[in-house]
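The values are calculated or read from the model by the stated rules, or taken from the named source; none is laboratory data. Since the structure is predicted, the reported quantities are computational estimates derived from the model, not experimental observations. Using ideal geometry, Cβ is built from the backbone for each residue, glycine included, and neighbour counts are taken over all protein chains shown.
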Amino acid sequence: MSRVSAATTRPARLRGSRTLVVAAIIAGWLGLLWWQSRPPAEFRTFDQPLYLSIAYDLLHLRRFTDGTGFATPHADPDRPPGMEIMPLYPAFLAATAWLDPEFDRSLACFVQQSDAPSCPHQAPLPRTLQFVMTAAIYLMLWRIAVRATGSQRIAALSLGVGLLAAPVLIRSVNMLMTETLALFFTSAAMTAAVAAAKARRPLRWLLLAGAMLGLAAMTRPAFVYLLPAAAAVGALIAVCRPRPARGLALVAAFLLAGAVVIGPWVARNAVVLSRPAMTSGYAALVLAQRVAFDLMSWRQYGAFYICGLPDGSGMGNLLLGPNACEPFQYEYRPDTFYWIGNHGFMQSTIAAAGGPAHQFDYLLHHDILAHPFWHALVSIPMALRGLWIDHYWGLILAVLCVPLTLRAVRRGDDALLAVTLPGWFMLAFHGAVAVNQERYNLMLMIPFSLAGGIALERAWQRWAGPGRAGSGPDADAAATRHGS
């Protein structure tokens, strides 16, 4: 072997060795947490029946339906096709049930026997695959940090910070809902976008980023709005840089990749249901739940900021009096805005709109556009409530991520912008159109972890001083640029 080929092979081996070590650390830590976690919740918990009933129909009826919604599941061979939610996660459940006899028996019993007490609730294959996805998410976090900062040390620190919040992601592993799959695709999109920002020929990376974002939208419909938002930011960056035509062409390729992924589902809805759209009914349901919170008074508005903090209910009881935070809880009680949004407000807006098909337009024009300032004001504490991933972990790192984002904007750092801006956009979007929850904003885990890693690296440099720190980050970054 020549000296040149040996020199070329050595960095590749180093990269492979680092990746294996990092993957082993991630798998070991997540495996320990999974082993120590609580037993998985039964299928009836939270939104699981919605996805499971659709998966059952896809497996047994060979068509996408709306399932039984949040009602007690039951089999119905005449259930018509539907498009209330996006198809990718029910398809994932149906595929794993086809491959996993234990999950298939549990799913069949759950639907056919209407959640009878004797039914098992086993789903080994989908939960195992969601565990693997979670490990891949952390591996992508490490890779994003390496590429975005050029420092192996910052990448290791970012990974360590991110792994502190792993119990939150492990809870999603055991829940048959969309969070893990959506986070996997958005993390993959960020990884590809960072690679595109660092590449001389970014086309293939931008095509991959668009496709991954399209798959995220096929999992949760809210991400379809991130596709044009990301394209708009990309277009703005392109026109401010040399060769704007090339940049705009790359943005168009990114959009095209996302549209190619989403297009067949929209075409199916147009042919089968005469509705060339992503979903039907889901948007109005979610928006009615959110707009009901606009009914709060000014006094309740001030309380919402306190009640939305980590441990906000305890602080609310202490500062505002007993049960001050109860109206903001996600509980089915008549004294909560969530209950109002799902019952009285829901029914009254459907009646005023002239039927469910017109409810979304009615809410948009009569409640949001008619009172835009108040809706925007309520969206602020609503967004903040979904920001505190893992409580104080999210609070501290959110404070660090804000200046990181501003520095990236000021310096025109495309890689850091690709990591930070998407999560902030989705946080604001969810605060405006949904009853925001931290599980909607798990993609902020990536920029939060990176912000924590960069902050720890800077703290180390200040503590160690120029003499002791000089051989660390700069040399580390140089080694990464030439060998990672």
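Which residue, of S158, S151, is closer than 30 Å to L400 by Cα, at pLDDT below 95, outside the structural domain of L287 (by TED's automatic domain parsing) and crowded, with 22+ Cβ neighbours inside 10 Å?
The conditions single out S151.
For segment 293-326, which positions are under 26 Å from the mean Cα position of the chain (by Cα) and on the phi < 0 side of the Ramachandran plot?
Hits for segment 293-326 are F293, D294, F304, Y305, I306, C307, G308, L309, P310, G312, S313.
Determine, yes or no, whether L125 is touching a Gly at 6+ places or on another chain (Cβ under 7 Å) and either in a helix (DSSP H, G or I) or buried (at least 20 other Cβ atoms within 10 Å of the Cβ) (or both).
no
Name the single residue, out of those in segment 425-451 being part of a loop (DSSP other than H, G, I, E, B) and of a type in the set (S, T, N, Q), that is surrounded by the fewest Cβ atoms within 10 Å (Cβ to Cβ).
Q437
Please report, ordered by residue number, the helices (runs of 4 or more DSSP H) entirely within segment 132-244 with at least 1 residues that are under 18 Å from T420 (Cβ atoms).
Output list reads 152-163, 179-198, 203-219, 226-239.
Look through A398, A353 and report the one residue that is assigned by TED's automatic domain parsing to the domain that holds G214 and not polar (S, T, N, Q).
Step by step, each of A398, A353 is checked, and only A398 is assigned by TED's automatic domain parsing to the domain that holds G214 and not polar (S, T, N, Q).
Based on this model, can you work out whether R290 counts as charged (D, E, K, R), buried (at least 20 other Cβ atoms within 10 Å of the Cβ) and under 28 Å from the mean Cα position of the chain (by Cα)?
When the stated conditions are applied, R290 passes them.
Is it the case that some residue within segment 456-463 is hydrophobic (A, V, I, L, M, F, W, C), under 31 Å from the mean Cα position of the chain (by Cα), surrounded by 22 or more Cβ atoms within 10 Å (Cβ to Cβ) and at pLDDT 90 or above?
For segment 456-463, residues hydrophobic (A, V, I, L, M, F, W, C), under 31 Å from the mean Cα position of the chain (by Cα), surrounded by 22 or more Cβ atoms within 10 Å (Cβ to Cβ) and at pLDDT 90 or above: absent.
In segment 49-68, what residues are out of contact with any Phe, Trp or Tyr (no Cβ under 8 Å at 6 or more places or on another chain) and either assigned by TED's automatic domain parsing to the domain that holds M175 or charged (D, E, K, R) (or both)?
If the condition is that a residue be out of contact with any Phe, Trp or Tyr (no Cβ under 8 Å at 6 or more places or on another chain) and either assigned by TED's automatic domain parsing to the domain that holds M175 or charged (D, E, K, R) (or both), then R62, R63, D66 are the ones that fit.
Considering only residues of segment 71-111 that are among the polar types (S, T, N, Q) and in a helix (DSSP H, G or I), which is surrounded by the fewest Cβ atoms within 10 Å (Cβ to Cβ)?
Among them, the one singled out is S106.
So for segment 288-296 (the condition being over 15 Å from Q329 (Cβ atoms) and part of a loop (DSSP other than H, G, I, E, B)), does at least one residue qualify?
Taking every residue of segment 288-296 in turn, none turns out to be over 15 Å from Q329 (Cβ atoms) and part of a loop (DSSP other than H, G, I, E, B).
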